[in-house]
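Following: one structure in structure tokens, then a few remarks.
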Amino acid sequence: MCGIVAYIGERQAYPILIKGLKRLEYRGYDSAGVALLHQDNLNIYKKKGKVDGLVSFADDFDTTSTIGMGHTRWATHGEPNDINAHPHFSGDDHLTIVHNGIIENYDILKQALEQQGHVFKSDTDTEVLIHLIEEVQRSQGLVLEEAVRIALTKIVGAYAIVVIDKKEPNKIVAARKSSPLVVGIGENEFFLASDATPIIEYTKKVTYLNDEEVAVVHRDGTFQIKTIQNEELTPSFQYLDIQIELLEKGGYDYFMLKEIFQQPKTVSDCMRGRLNAEEGWTKLGSVENNIEKFLQANRIIFVACGTSWHAGLVAEYLFEELARIPVEVEYASEFRYRNPVLNENDIVIAISQSGETADTLAAIQLAKERGAFVYGVVNVVGSSIARATDSGSYIHAGPEIGVASTKAFTGQLTLLTMMALNLAYRKGTIAKDFYRQMVVEFSTIPDKIQQTLEDNNHIEFIAEQIRGSENALYLGRGYNFPVALEGALKLKEISYIHAEGYPAAEMKHGPIALIDEMMPVVVIATNKSAYEKIVSNIQEVKARKGRVIAIVTEGDKQIRKMADFVIEIPEVEEIFSPLVSAIPLQLLSYHTAVMRGCNVDQPRNLAKSVTVE
Ligand code: M6R
């Protein structure tokens with residue numbers, strides 16, 4: 001939440017900042033702003049709304065500068081408006097800051113600073129921080145990096161910050177705690193950003209700041225990193241491996257549509273080197289390296305949020321049915337505060353696309369403190385969760401830019417399915433023949449996803465029928481119950497139609513009261529094991545005049561006779577069905593949202609990376 005980008009070097013900063021902000025806009029789009037230091041002038045341009053609005057506004061002003069920073073905001077403290085937009089100034093206007101995170105003790109600090117004569121212009125916690133830095137710097141006569149470091153020792157909360165001082169025009173100071181920040185190292189130039197996407201055109205060499213670290217980068221190409229406790233550190237470098245094309249829409253109207261259509265490839269990429277259909281095996285290096293822990297585990301606890309939590313729910317069915325390991329699936333935000341019983345025989349698996357979700361990170365921290373082994377299933381390489389876990393696997397879905405998660409969900413399912421199959425075989429809870437047969441069938445899933453995508457026009461036609469609805473119900477059973485939850489989340493977050501997912505049989509315990517001729521009811525009816533039961537559930541909906549959109553297995557005749565619309569998907573083993581049944585639900589949400597005039601990539605109030613709790 002909130003995107004930060006900064007530059008110091010010989011190039012013009014403004015175009016780098018604007019391009020970077022556009023890449024980071026997925027993190028928040030309530031307002032955008034830049035600060036540019038040129039000669040003695042610290043020019044700040046900021047506007048409510050998206051980066052394009054900032055560009056039109058700044059066009060009328062001087063943007064010359066070789067040092068500057070930018071911000072795209074997801075509002076926490078203070079409504080989205082021009083004044084609350086970042087960057088913020090210190091009281092005497094010589095310091096400026098951009099910030100991602102929340103300063104929890106801002107109120108108490110603000111009162112103390114007001115007593116010392118500070119006057120605040122905005123409602124933000126960020127402005128309090130820059131006044132605090134100013135106060136520390138002024139009262140102790142410190143250089144910028146020292147003032148920042150000492151001020152941060154007084155802060156409770158989360159931050160990624162960049163600070164520029166017009167009196168020290170050849171340096172930028174940055175720091176992080178619980179919000180990501182990466183430093184790109186070029187030839188006599190530096191780039192700082194919330195993720196690597198604004199940097200990759202210019203340099204591949206980066207270092208990720210860790211919690212409570214402060215970096216100072218100088219125009220002469222030197223830089224230092226310290227902890228806020230004043231301990232000098234030797235940075236470790238990483239080399240980025242992201243292709244720029246992956247950050248473009250590539251001819252699609254929206255990133256979300258591109259990402260939906262990428263899934264045959266992203267699922268294959270996730271399997272590459274980890275699944276061999278000819279030899280009939282699947283394995284993950286990091287599970288192999290910790291195999292005893294997995295084989296001895298008393299239970300597995302999945303912690304995640306949103307779509308990633310839904311992937312955890314599917315995993316519960318997989319791990320319990322195949323590997324016979326007891327599983328719990330927890331919202332990270334609840335788990336972290338409810339004093340869970342954990343010990344060294346538990347494995348906690350954190351699932352996250354971004355690898356930055358604040359609640360999931362805190363849940364990991366807690367699990368580690370309690371002695372559990374923590375494994376990460378993450379998409380973004382080098383992200384905080386990937387680094388905080390004891391071990392883990394990347395899903396290799398590539399950058400997911402649409403706020404609604406699509407290819408990350410199927411990537412998570414792919415990885416977790418491989419893990420469950422492998423552990424089941426290793427534990428002897430499934431027979432070798434069955435294992436090999438499942439591996440072969442699994443390898444065909446990318447083709448089956450492709451086949452499902454070919455039904456796009458038909459799904460678009462169905463979207464036309466529900467675009468005017470105000471509510472929708474999604475029903476599924478077994479492996480497809482979490483898919484119903486996911487389908488409902490996709491619809492509500494991008495089309496603003498209120499949608500609920502339910503286990504199909506639960507419908508009669510309450511939601512059935514909502515059903516009338518206005519209510520679309522999306523039923524995932526592909527399960528072989530509970531087919532007759534789901535047929536009965538459809539009849540119950542039809543008896544109340546609900547409009548049924550059924551996802552069925554190719555060739556299904558019985559449900560076709562009852563449902564108002566059917567979407568056929570290829571026949572697959574039940575354990576793989578979420579990977580295929582999720583696809584039409586993604587497309588249905590996408591088309592519905594587009595028809596309702598919504599910006600599907602940047603739905604209102606949301607951000608891709610939720611770095612505040
Ligand atoms: O990056 P994460 O997977 O940790 O994010 C978790 C949720 O914030 C995320 O899945 C969110 O629910 C998406 N908008 C769903 O499409």
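The values are calculated or read from the model by the stated rules, or taken from the named source; none is laboratory data. Note that the structure is predicted; figures quoted are calculated from it, not measured. All Cβ positions, glycine included, derive from the backbone under ideal geometry; neighbour counts span all protein chains shown. Heads up: the accessible areas ignore ligands, DNA and RNA and are worked out on the full protein's heavy atoms, side chains in. Shrake-Rupley method; radii C 1.70, N 1.55, O 1.52, S 1.80 Å.
Taking the stretch 136-159 as the range and being within 22 Å of His71 (Cβ to Cβ), modelled with pLDDT of 95 or more and among the small types (Gly, Ala, Ser) as the test, the residues that pass are Ala147, Ala151.
Can you tell me which residues in the stretch 87-105 are aliphatic (A, V, I, L, M) and at pLDDT below 95? Don't jump to the end; show me each part of the working.
Restricting attention to the stretch 87-105, the residues satisfying the condition of being aliphatic (A, V, I, L, M) are 95, 97-98, 102-103.
If the condition is that a residue be aliphatic (A, V, I, L, M) and at pLDDT below 95, then Ile102, Ile103 are the ones that fit.
Determine if the stretch 463-477 includes at least one residue that is free of Cβ contacts under 8 Å to residues at least 24 places away in the same chain and within 22 Å of Tyr252 (Cα to Cα). It would help to see each step written out before you state the result.
Residues of the stretch 463-477 that are free of Cβ contacts under 8 Å to residues at least 24 places away in the same chain, as a first pass: 468.
Now drop any that are not within 22 Å of Tyr252 (Cα to Cα), which leaves none.
No, that holds for no residue.
I'd like the residue in the stretch 370-394 that is in a helix (DSSP H, G or I) and touching a residue at least 60 places away in the same chain (Cβ under 8 Å) and, out of all such residues, is nearest to the ligand (Cβ to nearest atom). Here the answer is Ser384.
It is to be established whether one or more residues within the stretch 332-342 are within 16 Å of the ligand (Cβ to nearest atom), touching a residue at least 12 places away in the same chain (Cβ under 8 Å) and part of a strand (DSSP E or B).
Here is the first cut: in the stretch 332-342, the residues within 16 Å of the ligand (Cβ to nearest atom) are 332-336.
So of that shortlist, the ones also touching a residue at least 12 places away in the same chain (Cβ under 8 Å) come out as 332-333, 335-336.
Filter once more, so that each one left must be part of a strand (DSSP E or B): none.
Checked against the condition, which is being within 16 Å of the ligand (Cβ to nearest atom), touching a residue at least 12 places away in the same chain (Cβ under 8 Å) and part of a strand (DSSP E or B), the stretch 332-342 yields no hits at all.
Among the residues making up the stretch 400-442, those that are surrounded by fewer than 21 Cβ atoms within 10 Å (Cβ to Cβ) and assigned to a helix (DSSP H, G or I) are Arg426, Lys427, Lys432, Asp433, Phe434, Tyr435, Arg436, Gln437, Val440, Glu441.
Given the condition touching a Ser or Thr at 6+ places or on another chain (Cβ under 6 Å) and assigned by TED's automatic domain parsing to the domain that holds Ser178, answer yes or no: does some residue in the stretch 135-155 qualify? Checking the stretch 135-155: not a single residue is touching a Ser or Thr at 6+ places or on another chain (Cβ under 6 Å) and assigned by TED's automatic domain parsing to the domain that holds Ser178. When the stretch 560-578 is limited to residues that are crowded, with 22+ Cβ neighbours inside 10 Å and in a helix (DSSP H, G or I), the one that is farthest from the chain's Cα centre (by Cα) turns out to be Ser577.
Screening Gly221 with (1) over 13 Å from Tyr7 (Cα atoms); (2) of a type in the set (Gly, Ala, Ser); (3) surrounded by fewer than 21 Cβ atoms within 10 Å (Cβ to Cβ) gives one miss only, at (1). The single condition from (1) surrounded by fewer than 22 Cβ atoms within 10 Å (Cβ to Cβ); (2) not in a helix (DSSP H, G or I) that Ala397 fails is (1).
Here the helices (runs of 4 or more DSSP H) wholly within the stretch 69-183 that include at least 1 residues being buried (at least 24 other Cβ atoms within 10 Å of the Cβ) and not β-branched (Val, Ile, Thr) are 125-140, 144-152. Screening Ala504, Ala550, Ala499 for residues that are within 16 Å of the ligand (Cβ to nearest atom) and open to solvent by less than 10 Å² (accessible area, probe 1.4 Å) leaves exactly one candidate, Ala499. When Tyr202, Tyr239 are checked against the criterion of being of a type in the set (Ser, Thr, Tyr), out of contact with any helix residue (DSSP H, G or I) (no Cβ under 7 Å at 6 or more places or on another chain), in contact (Cβ under 8 Å) with a residue 24 or more places away in the chain and loosely packed, with under 15 Cβ neighbours inside 10 Å, a single residue qualifies: Tyr239.
Regarding the stretch 579-589, can at least one residue be identified that is crowded, with 21+ Cβ neighbours inside 10 Å, under 22 Å from the mean Cα position of the chain (by Cα) and outside any helix (DSSP H, G or I)? Looking for residues that are crowded, with 21+ Cβ neighbours inside 10 Å, under 22 Å from the mean Cα position of the chain (by Cα) and outside any helix (DSSP H, G or I), one finds none in the stretch 579-589, hence no.
Within the stretch 535-553, one or more residues are assigned to a strand (DSSP E or B), under 14 Å from Ile466 (Cβ atoms), of a type in the set (D, E, K, R) and not assigned by TED's automatic domain parsing to the domain that holds Ser405. Scanning the stretch 457-484 for residues that are open to solvent by 30 Å² or more (accessible area, probe 1.4 Å) and within 20 Å of Gln263 (Cβ to Cβ) yields a total of 3. Scanning the stretch 382-394 for residues that are open to solvent by 30 Å² or more (accessible area, probe 1.4 Å) and under 13 Å from Gly411 (Cβ atoms) yields a single hit, Tyr394.
Could you name every one of the helices (runs of 4 or more DSSP H) located completely within the stretch 197-312 that has at least 1 residues being more than 16 Å from the ligand (Cβ to nearest atom), in contact with a Gly (Cβ under 9 Å, 6 or more places away or on another chain) and not assigned by TED's automatic domain parsing to the domain that holds Ala158?
Details: elements: 255-261, 263-271, 285-288, 291-296.
Fully inside the stretch 197-312 and qualifying: 263-271, 285-288.
Of all residues in the stretch 355-368, those satisfying the criterion of being of a type outside the set (D, E, K, R) and open to solvent by 10 Å² or more (accessible area, probe 1.4 Å) are Thr357, Ala358, Leu361, Ala362, Gln365, Leu366.
Examine the stretch 371-383 for a residue that is within 25 Å of Val572 (Cβ to Cβ) and either more than 18 Å from the chain's Cα centre (by Cα) or not small (Gly, Ala, Ser) (or both), and state whether such a residue exists. Working first, answer last.
The initial filter retains those residues of the stretch 371-383 that are within 25 Å of Val572 (Cβ to Cβ), namely 377, 379.
Okay, now just the ones that are also either more than 18 Å from the chain's Cα centre (by Cα) or not small (Gly, Ala, Ser) (or both), so 377, 379.
Yes.
Within the group Ala350, Ala367, Ala362, which residue is in contact (Cβ under 8 Å) with a residue 40 or more places away in the chain, within 13 Å of the ligand (Cβ to nearest atom) and in a helix (DSSP H, G or I)? Matching residue, one of Ala350, Ala367, Ala362: Ala362. In the set (1) more than 16 Å from the ligand (Cβ to nearest atom); (2) open to solvent by less than 50 Å² (accessible area, probe 1.4 Å); (3) part of a helix (DSSP H, G or I), Glu321 fails one condition alone, (2).
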